[in-house]
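Coordinate-derived values only; no laboratory data. Remember, it's a predicted structure, so these values are computed and weren't measured experimentally.
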Amino acid sequence: MAKLDEVKEILTTLRVWLSLTIGLIAVLVSGLVKRFDSGKIDWIFYSGSFLFFILILVAFLIMLKIAQKTKIIREL
């Protein structure tokens, strides 16, 4: 039973991190659109765009981990 509780706790933590990552993506995209609309295409815009793609990659990796932990729970 302890192994199951451990995996469930890790799964819950991963879901929280995924929610935070998605929230950061939403805020970042909002800021990027605002800068684009006002015509401020500078290094901040490009670094924000780079960060956007990094966060998308992180969200994808977290989703893969969630799927992996869900399979582990199914096997227990």
Check your understanding: Across region 7-17, in residue order, what do the Karplus-derived ³J(HN,Hα) couplings come to in whole Hz, using 6.51 cos²θ - 1.76 cosθ + 1.60 with θ = phi - 60° and x for Gly and Pro?
Key -> 5, 5, 5, 5, 5, 5, 4, 5, 5, 5, 5
Review point. In whole Hz, what ³J(HN,Hα) sequence does region 68-76 give by Karplus (6.51, -1.76, 1.60; θ = phi - 60°), x for Gly and Pro?
Key: 5, 5, 5, 5, 5, 5, 4, 6, 7
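Can you work out D for the chain in µm² s⁻¹ from Stokes-Einstein, where Rh is the Kirkwood radius over C-alpha pairs, the temperature is 25 °C and the viscosity is 0.890 mPa s? Each step should come with its number before you reach the end.
On the way: Rh = 14.1 Å.
So the translational diffusion coefficient is about 174 µm²/s.
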Practice item. Would you mind calculating the gained length between Ile41 and Lys71 on full extension (0.36 nm times residue separation, minus the Cα-Cα distance), in nm to one decimal? Key: 6.4 nm
Point to revise | Added length on full extension, which subtracts the Cα-Cα distance from 0.36 nm per residue, Ile54 to Ala2 | key: 15.3 nm
Review point. Over the chain, what is the relative contact order in whole percent, taking alpha-carbon pairs under 8 Å and six or more residues apart?
Key: 53
